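One structure below.
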Amino acid sequence: MTQPSKDDGAKTLERLQSLDRRYHLHSFTDPQALVQAPPFMMETAEGCYVSGQGIRLLDAMAGLGCVNIGYGRKEMVETAASAMEVLSYYHSFAAVSNPTAAALAGKLASLAPEGLNKVFFANSGSEANETLIKLALLYWRRKGQPKKRVIITRDYSYHGSTIATSLLNGNTAMQEEFGLDAHGEVARVMAPFWYRHGGKMNPEAFGLHAARAIEEKIVELGADKVAAVFAEPIQGTMGAIIPPDSYWPEVERICRRHDVLLVADEVVTGLGRTGAWFAQSTYGFKADMMTLAKGLSSGYYPISAAVVSDEIAEVITDRQEIMQHGFTTSAHPVACAVALRNLDVLEKDKLIDRVSNDIGPYFATKLIELEKHPLVGEVRVAGLIAGIELTRNKETREQYPEEFNLGGHVGHAAMIRGVIARPAGNALVLCPPFIIKRGEVDYLVSALYDALDDTLKLMKQQGVWP
Ligand SMILES: Cc1ncc(COP(=O)(O)O)c(C=O)c1O
């Protein structure tokens, strides 16, 4: 076969971009951006790098915080191919299972915090969270308390984009755009976001204050109306908001005191991101239910899990009545095989240990250097997740208006310098693969510093600094 010439390559790219513009409805995309410019085509990936249109980028976001073991691993390809050969598909309805689903459920139960032993499989983080909203309602109904229906959630949270999970999100545009209404069954409280909302309190006092906002809400609504508190241990997409250490143990105490279920959305934090298998152990608390998704297969195949405690499992399965919930591709045999192999890679290569004891501390030490930059108010790091808080004034912690999209400007400048960091309003989020090397961290930090400088220079030229 003759190789296509360079011109053919350009023509192929142009044709694909025009097909994409014409027929592909993108996730979370401003359609006008696609009118103004064609989509960027990502074509290949390996290790910590992604490439497209002749450009190679250090992906400090591991896709969307999911490619924890790195891109393009041959063992993952082989596992998927052989699993597909053996059993390309079967469902899990009506008491049917398959060997990889059974093995993965057992493996997750053995890794999960004590008592979280029953696993439901879905395809995305949204579906796993949606599942737990339903299971929380089912649990209370089966316990004879059907009025316990309100879910407490927090500002800045992100739990997904199905209808029910959108209703939990801190980003209210996700509700307004579609006219969604929770009819009083979702209540939102403050986030443990010390930098923006801590005022003169020290972080530990503020952590307790933010936890008690949950208690106040439970008391206001009546504990007999509240089903669950839904929360990400670290709020990832909205800026990697790392709570003060005092927060989580207090939230757990409050939930126990008022007989409210605590649901940990570990879609981002689960399976090693904070340097422990689960962020629950990093922050010293235990949830009644948790969700896992991104790091479950490192993005090699869509799969997620909703894990519930023995007590909840007992209540929801103790009668002869079909649980009216499930997906065609729940417990997909290939997805489960891929997830098992991904867990195997994490263990064999000691990647979580690497996050907690080697590359994580190095990443933190280097990244903190960015606090010297005039635009950076705070760098927060836990394991290999980090938020870089941007500010107009380091003393007063004043922010630029959201419309200014400061994070977007810095993210764009970083990309020009060969690095992917995710803008989140007045912050940038980093979630690099666990295999990132020290030299790559050095490159990342210097590229970010330069990108901050580029942005500052532009702001000065445009008269918007300070
Ligand atoms: C904490 C958290 N929960 C849930 C989701 C939704 O996951 P998915 O996009 O797989 O539906 C995300 C996605 O970013 C997330 O960050």
Problem - Whole-number percent relative contact order across the chain, with pairs defined as alpha carbons under 8 Å at least 6 apart - result: 20 percent
Fill in the blank from the handout: Hits in the range 57-101: amide N under 16 Å from the 7 Å Cα→Cβ extension of Ser161, namely 63-66
Practice task
At 1.4 Å probe size, with every protein chain present, just tell me what the per residue accessible area of the range 74-348 comes to in Å².
Solution key: 41 Å²
Practice task
Any chance you could look up the accessible area of Tyr300 with a 1.4 Å probe, heavy atoms only, rounded to 10 Å²?
Solution key: 60 Å²
Handout entry: Volume of the Cα convex hull of the chain, divided per residue and given in Å³
Key = 164 Å³
Fill in the blank from the handout: Once amide hydrogens are built 1.01 Å from N within the peptide plane, the residues lying 5 or more places from Ala122 or on another chain with amide H under 5 Å from its amide H are Ser304, Ala305, Ala306, Ala331
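Calculate for the chain the 222 nm mean residue ellipticity that helices alone would give, adding -39,500 (n - 2.57) per DSSP H run of length 4 or more and normalising by residue count, nearest 500 deg cm²/dmol. The partial results should precede the final answer.
On the way: 19 runs with 200 residues, N = 466.
One gets -13000 deg cm²/dmol as the mean residue ellipticity at 222 nm.
Ranked highest first by average number of other Cβ atoms within 10 Å, how do 173-181, 221-229, 454-462 line up?
Values: 173-181: 11.9, 221-229: 19.1, 454-462: 14.3.
My ranking of the peptides, most packed first, is 221-229, 454-462, 173-181.
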Practice task
Pull up all non-local amide H partners of Val419: gap of 5 or more, or a different chain, and H-to-H distance under 5 Å with H placed in the peptide plane.
Solution key: Leu58
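When the chain is fully extended, how far beyond the present Cα-Cα distance does Ile55 get from Tyr89, taking 0.36 nm per residue of separation?
Values: separation 34, 0.36 × 34 = 12.24 nm, distance 3.65 nm.
Between Ile55 and Tyr89, full extension yields 8.6 nm more.
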Handout entry: Under the Karplus curve 6.51 cos²θ - 1.76 cosθ + 1.60, θ = phi - 60°, whole-Hz ³J(HN,Hα) for the range 99-107, x wherever Gly or Pro sits
Key = x, 6, 5, 4, 5, 5, 4, x, 5
Exercise for the section: Would you check the range 74-348 for Lys pairs whose C-alpha atoms are within less than 20 Å, ignoring same-chain pairs closer than 8 in sequence, and give me the count? Expected result: 21
Handout entry: For the range 332-445, projected area of the alpha-carbon convex hull averaged over all directions, nm²
Key = 8.9 nm²
Practice task
Write down the radius of gyration of the range 309-362 and its Dmax, each obtained from C-alpha positions, in Å.
Solution key: 18.1, 54
Handout entry: Nonlocal amide H pairs with Glu378, under 5 Å, H built at 1.01 Å
Key = Glu389
Problem - q = 0.07, 0.11, 0.15 Å⁻¹, the range 74-348: log10 I(q)/I(0) [Debye, one scatterer per Cα] - result: -0.25, -0.61, -1.11
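Can you tell me, using C-alpha contacts under 8 Å and at least 6 residues apart, the relative contact order of the range 74-348 as a whole percent? Display every interim value, and only then the final one.
Details: 511 pairs, mean separation 81.4, N = 275.
In percent, rounded to a whole number, it is 30.
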Exercise for the section: Please work out the ratio of the alpha-carbon Rg of the range 30-96 to 2.2 N^0.38 Å and round it to two decimals. Expected result: 1.60
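Using the Cα centre of the range 74-348 as the reference point, and only Cβ charges (+1 on K/R, -1 on D/E), how large is the resulting charge dipole? Debye, rounded to the nearest 20.
Values: 26 positive and 31 negative charges, 55 e Å.
Rounded to the nearest 20 debye, it is 260 debye.
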Handout entry: Residues of the range 224-268 with amide N under 19 Å of a point placed 7 Å along Cα→Cβ from Ser356
Key = 233-234, 243, 245-246, 248-249, 266-268
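Only Lys, Arg, Asp and Glu count, each charged at its Cβ (+1, +1, -1, -1), so figure out the dipole size of the chain about its Cα centre, rounded to 20 debye.
Working: 47 positive and 55 negative charges, 20 e Å.
In debye, rounded to 20, the chain gives about 100.
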Exercise for the section: Among DSSP beta bridges lying fully in the chain, give the percent that are antiparallel, nearest 5. Expected result: 65 percent
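The values are calculated or read from the model by the stated rules, or taken from the named source; none is laboratory data. All of these numbers come straight from a predicted model, not from anything done at the bench. When we count neighbours, we look across all protein chains shown, and the Cβ atoms used for this are built from the backbone with ideal geometry, even at glycine. Accessible surface is based on the protein model in full, side chains and every heavy atom, while ligands, DNA and RNA are left aside. Shrake-Rupley method; radii C 1.70, N 1.55, O 1.52, S 1.80 Å.
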